[in-house]
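Novice: The structure under discussion is supplied below as structure tokens; questions concerning it will follow.
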Amino acid sequence: MKIKIWGCRGSITTPGATTLRYGGNTTCVEIRTADGEAAGQNIVVDAGSGVRLLGKALRREKKISHIRFFFSHSHWDHLVGFPFFEPAYFPNYHIIFCGGPHAQDSIKRYLSRQMKAPFFPVDFSLLKAQFDFCCERPHQEPGPCRFDGMEVSPAPLNHPNGGYGFKFVEKGKAFVFFPDNELGFQHEGGLDRAAYVEFCRGADLLIHDAQYTDTEYQRTRGWGHSTYADTVDLAIAAGVKRLGLFHHDPDRTDDDLDRQVEVCRERIREARSNIECFACAEGMTLEL
């Protein structure tokens, strides 16, 4: 399994001199499996502003024609890039939209709404790609969906207005992705900490929301995002192998993130854990 980060910034796109190393584009992650890539297929999680660059790369590469989207939730920073996703404008692409249980019907509504006048000049109906708003697993059936040698299991986010995180498993390797998930406050529909620990148990890679410092969280509790201390503690409790800090605060500079990583690594050392901890960066590729 290959995972590439196309956007890891939280809340709003943040271009500028202080975000060059970790990037300023919002959430977009690409996943490729051996079987899927051989068949010209990939997986994309969320369509934040980073999906624009992914789309351009796919057009240049000309290898991938089947694109499967999973959406964590419908907040703007996770959808804003879709109108600029170039493959959607060409008939030789087949785009499949997935989400958590019962989410497929709402995905089309969310995507088309942001492209309606007066918000955008090109209506969704004018896109040329073939679109399917369904997964192989019927809506009424619980459990994971399977394709291209991959098994995908959703878990509810602890986040305002809900949503889903995902576990991707290929050939015994597990990648868990929770882009917006608050571990210190219980939102309607969210899981408790113990359930998240079990969902992440033994994962080879966990990428998790780590937006706030403890001081910032005194003001932002209930906004839907975790402190990096809580995220590290989750990773330790779940015994994951690698932890990627994600959903970087828009006010966090590259140097701030460097310091954040060092604080997290020290917390891991103090717990006598061997977790590899890093901050996700735009353009980063991870292999499992």
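Novice: Within region 1-43, list the trypsin sites (Lys or Arg not before Pro) lying in a DSSP loop whose Cβ has at most 14 other Cβ atoms in a 10 Å radius. All intermediate terms of the calculation are to be shown ahead of the outcome.
Specialist: Working: sites: 2, 4, 9, 21, 32; in loops: 21.
Passing both the DSSP loop test and the Cβ count: 21.
Novice: Assuming R0 = 41 Å, what is the FRET efficiency of residue 62 and residue 270, from their Cβ-Cβ distance, to the nearest 0.05?
Specialist: 0.25
Novice: Right, here's the next one. Any chance you could give the angle, 0 to 90 degrees and rounded to 10, that helix 51-61 forms with the longest Cα principal axis of the chain?
Specialist: The angle comes out at about 60 degrees.
Novice: Now, a different point. For residue 131 and residue 219, what does the FRET efficiency come to when R0 = 45 Å and r is the distance between their Cβ atoms, rounded to the nearest 0.05? Working shown, then result.
Specialist: Details: r = 41 Å, r/R0 = 0.91.
For R0 = 45 Å, the calculated efficiency reads 0.65.
Novice: If you don't mind, there's one more thing I want to ask. Would you mind putting 207-216, 85-94, 59-68 in packing order, based on average other-beta-carbon counts within 10 Å, highest first?
Specialist: Packing order, densest peptide first, comes out as 207-216, 85-94, 59-68.
Novice: Using θ = phi - 60° and the Karplus relation 6.51 cos²θ - 1.76 cosθ + 1.60, list the HN-Hα couplings for region 222-236 in order, rounded to whole Hz, with x at every Gly or Pro.
Specialist: Using θ = phi - 60°, the values come out as x, 7, x, 9, 8, 7, 6, 5, 5, 5, 4, 5, 4, 4, 5 Hz.
Novice: So if each residue of separation counts as 0.36 nm, and I subtract the Cα-Cα distance between residue 186 and residue 123, what length gain in nm does that give?
Specialist: 18.9 nm
Novice: Among 194, 210, 240, which residue has its Cα furthest toward the positive end of the charge dipole of region 191-288, with +1 on Lys/Arg Cβ and -1 on Asp/Glu Cβ?
Specialist: Sorting the options by dipole projection puts first 194.
Novice: Another question, then. For the chain, calculate the relative contact order in percent as a whole number, restricting contacts to Cα pairs under 8 Å that are 6 or more residues apart.
Specialist: Relative CO of the chain lands at 19 percent.
Novice: Can you compute the modelled spin-label distance between residue 254 and residue 38, with each label point 7 Å from Cα toward Cβ, in nm?
Specialist: About 4.0 nm separates the two model spin labels.
Novice: Put a dot 7 Å past each Cα toward the Cβ at residue 18 and residue 281; how far apart are the dots in nm?
Specialist: Result: 1.9 nm between the two label points.
Novice: What full-extension length gain, to one decimal in nm, is calculated for residue 161 and residue 116 as 0.36 nm per residue of separation minus the Cα-Cα distance?
Specialist: The span from residue 161 to residue 116 would gain 14.0 nm if fully extended.
Novice: Cβ under 12 Å from residue 5's Cβ, residue 5 left aside: what net charge do those residues give with Lys, Arg +1 and Asp, Glu -1?
Specialist: 0
Novice: Something else now. Please give every one of the lysines within straight-line cross-link reach of residue 63, meaning a C-alpha to C-alpha distance under 24 Å, and leave out same-chain neighbours fewer than 8 residues apart.
Specialist: Filter leaves 2, 4, 128, 171.
Novice: Nearest-5 percent of antiparallel DSSP beta bridges in region 2-287? Please report the intermediate quantities before stating the final value.
Specialist: On the way: 26 of 54 bridges.
Looking only at bridges with both residues in region 2-287, the antiparallel portion is about 50 percent.
A short reminder: the numbers here are calculations on the coordinates, not readings from a lab. Model, not experiment: these values are computed from the prediction. Glycine also receives a Cβ, built like all others from the backbone with ideal geometry; neighbour counts cover every protein chain displayed.
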